[in-house]
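Asker: If you scroll down you'll find the structure; I have some questions about it.
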């Protein structure tokens, strides 16, 4: 096993369900309102979130006798048509969804606790004005904020949102304990204000169940599923699509990813539970497409095969089911058997997260098996092509660099690119030679029959190791992170949205590298979409009419 350098992060896992050691007779049932945050898009709404996070948190709360009195998603029931320009300190965007006042007016007056989900870093632009109005209208209700934003920037959220409590990490146990009146200072993962006005922050992440199978299905009784399935989180309107999480977490530590910040242990739902959820969705809402939201669907091959076998059998029985894995399929955990079965299960396209064609850049990213990653990619791409799958490969261009986390990579051939600081070693990022190496590798993939190359510009999201690296070396274009939009959209990409500027790649050059790859290769992403009555399924998305994330 490789010797790791300092800095490994751990999760805060519990082996038993909270329900097993909770005296339900002592729990005072609460009336709970759950609210999804409005969204920002540059031009128009590109997708509909199915709010799985709120669904799981609410369903787990119901196990203790708490009542979900309202579920408010400002994007449904025509809310996605309501558009309001928003100017940040540096950039212009648009807010979509019902107004803050409209959301506040939908909260029942008897609500005891209000939970709000902030799913992305950019959520803060619309979250803070909304939650301050909620708190002003409901001063006696506890206002709790969770989600990725709360996990990565908890002190910023508690300072600017008006919330009473912020939850870092997965929310089920922490939110249930808040509702059950456990003293806040005894609940791991919370940030809240003390009576003195000082901020108290737990030095632990929220507790996470080591086995997630005791968490109920994600609130199918209170989420507006019938409307959700009409428009998927990846923009698919051609099908009736259900978002499904069949596992949580990822044990790896890629520096551009926020998963390590939330806790890394991979925890699966049983195949039987996943299959039961899919069957219900088919029978109840006519679902014919499953979007698996897993961060690492294939980590445990026998389990993945069992889920895929079920989907294959449905298709053999005449059910026109399709599935997709839009977060990508980990290359090191793919096999010929998985590729074959994915095709037979109706997978539209296999997204392979290659990230770079240069081993040195892969080391900077802390990609697993950086030395063998590219050879393995060629092997898996060939398996996928031979199985009849469409294949698109993700690449991150203009990667700024990162900490070297395995001693074996501190080698003489990399010496010109390594910097030591405070006893730690860092690999500098993509230069012109690295970029051209990646272009050559993309051409090699295309020669194998890979249909698409999908480039993404490196984006340092707060809470990631990549952000910390850029901050340490002064590579952030806009250091005032509270006022910066970080979501990069194909539909409105321009140089001013790039958030990195390194000696090896300027902000302008990062955009140019991305543009060069977009123009050079066919780009596939989220192809199962309907444009009015016209279906793009299986067709190439041309770069002169790009599709947004």
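Asker: So what is the relative contact order for the chain, in percent, with contacts set as C-alpha pairs under 8 Å and at least six apart?
Answerer: Relative contact order here is 13 percent.
Asker: Report the extension gain between residue 204 and residue 24 in nm, rounded to one decimal, defined as 0.36 nm multiplied by the number of residues separating them, less their alpha carbon distance.
Answerer: That works out to 62.2 nm of additional length.
Asker: How are the alpha carbon pair distances in the stretch 229-535 distributed across 10 Å bins from zero to the largest one, expressed in percent?
Answerer: Spelled out per bin, shortest first, that is 6, 26, 33, 24, 9, 2, 0.
Asker: Classify the stretch 380-496 from the C-alpha gyration tensor, please: rounded if a/c falls under 1.5, else prolate or oblate depending on whether a/b exceeds b/c.
Answerer: Oblate, since a/c reaches 1.5 and b/c is not below a/b.
Asker: Can you compute the FRET efficiency between residue 67 and residue 433 using 1/(1 + (r/R0)^6), with r the Cβ-Cβ distance and R0 = 60 Å? Round to the nearest 0.05.
Answerer: Plugging the Cβ-Cβ distance into 1/(1 + (r/R0)^6) gives 0.50.
Asker: Grab the eigenvalues of the alpha-carbon gyration tensor for the stretch 412-471, scale each by 5, take roots, and send me the semi-axes largest first in whole angstrom.
Answerer: Values for the stretch 412-471, descending: 29, 18, 8 Å.
Asker: A further question follows. Kindly provide the helix-only [θ] at 222 nm of the chain, computed as the sum of -39,500 (n - 2.57) over DSSP H runs of four or more divided by all residues, to the nearest 500 deg cm²/dmol?
Answerer: Mean residue ellipticity, 222 nm, calculated: -8500 deg cm²/dmol.
Asker: Extending each Cα 7 Å along its Cβ direction at residue 14 and residue 160, get the distance between those two points in nm, one decimal.
Answerer: My value for the distance between the label points is 3.2 nm.
Asker: Enumerate the residues in the stretch 335-379 having an amide nitrogen under 19 Å from the point lying 7 Å beyond the Cα of residue 415 toward its Cβ.
Answerer: 360
Asker: Now for a different question. For the stretch 203-362, just say rounded, prolate or oblate: build the C-alpha gyration tensor, square-root its eigenvalues into a ≥ b ≥ c, call rounded for a/c under 1.5, and beyond that prolate if a/b exceeds b/c, oblate if not.
Answerer: Since a/c reaches 1.5 but b/c is at least a/b, the shape of the stretch 203-362 is classed as oblate.
Asker: Could I have the simple spin-label model distance between residue 193 and residue 43, label points 7 Å from Cα toward Cβ, reported in nm to one decimal?
Answerer: Calculated label separation equals 4.2 nm.
Asker: Convert 10 °C to kelvin, take the viscosity as 1.306 mPa s, use the Kirkwood radius over C-alpha pairs of the stretch 30-150 as Rh, and evaluate the Stokes-Einstein diffusion coefficient in µm²/s, rounded to a whole number.
Answerer: Estimated via Stokes-Einstein, D reaches 108 µm²/s.
Asker: Round to the nearest 0.05 the FRET efficiency obtained for residue 506 and residue 379 when R0 = 45 Å and r is the Cβ-Cβ distance.
Answerer: The pair residue 506/residue 379 has a calculated efficiency of 0.80.
Asker: With labels modelled as points extended 7 Å from the Cα through the Cβ direction, what inter-label distance (nm, one decimal) is found for residue 407 paired with residue 182?
Answerer: Computed distance between label sites residue 407 and residue 182 equals 3.9 nm.
Asker: Along its three principal axes, how long is the stretch 308-412 when you only count alpha carbons? Whole Å, largest extent first please.
Answerer: Over the stretch 308-412, Cα extents along the principal axes are 58, 22, 19 Å.
Asker: Quick one: compute the contact order of the stretch 237-343, relative version, from alpha carbon pairs under 8 angstrom and 6+ residues apart, as a percent.
Answerer: This gives 30 percent for the stretch 237-343.
Asker: For residue 221 and residue 306, FRET efficiency with R0 = 25 Å and r from the beta-carbon atoms, rounded to 0.05?
Answerer: Computed FRET efficiency for residue 306 and residue 221 comes out at 0.35.
Asker: What is the distance in Å between the Cα centres of the stretch 373-416 and the stretch 188-260?
Answerer: Centre-to-centre distance over Cα atoms comes out at 28 Å.
Asker: Over the alpha-carbon set of the stretch 118-256, work out the extent along each principal axis and list the three values in angstrom, largest first.
Answerer: Principal-axis extents of the Cα atoms in the stretch 118-256, largest first: 54, 35, 34 Å.
Asker: Given axes a ≥ b ≥ c from the Cα gyration tensor, I'd like to know whether the stretch 79-182 is rounded (a/c under 1.5), prolate (a/b larger than b/c) or oblate.
Answerer: oblate
Asker: Taking every DSSP beta bridge with both residues inside the chain, roughly what % is antiparallel (nearest 5)?
Answerer: 45
Asker: Suppose the Debye formula is applied to equal point scatterers at every Cα of the chain; what is log10 I(q)/I(0) at q = 0.10 Å⁻¹?
Answerer: Values, matching the q order: -0.84.
Asker: Separate question: Considering only DSSP beta bridges with both partners in the stretch 134-257, what is the antiparallel share in %, to the nearest 5?
Answerer: Bridges in the stretch 134-257 are about 75 percent antiparallel.
The numbers here are math on the coordinates, done by the rules we state, and not lab data. Note that the coordinates shown come from a computational prediction; the quantities given were computed from them, not determined experimentally. With ideal geometry, Cβ positions are generated from the backbone for all residues, glycine too; neighbour counts draw on all protein chains shown.
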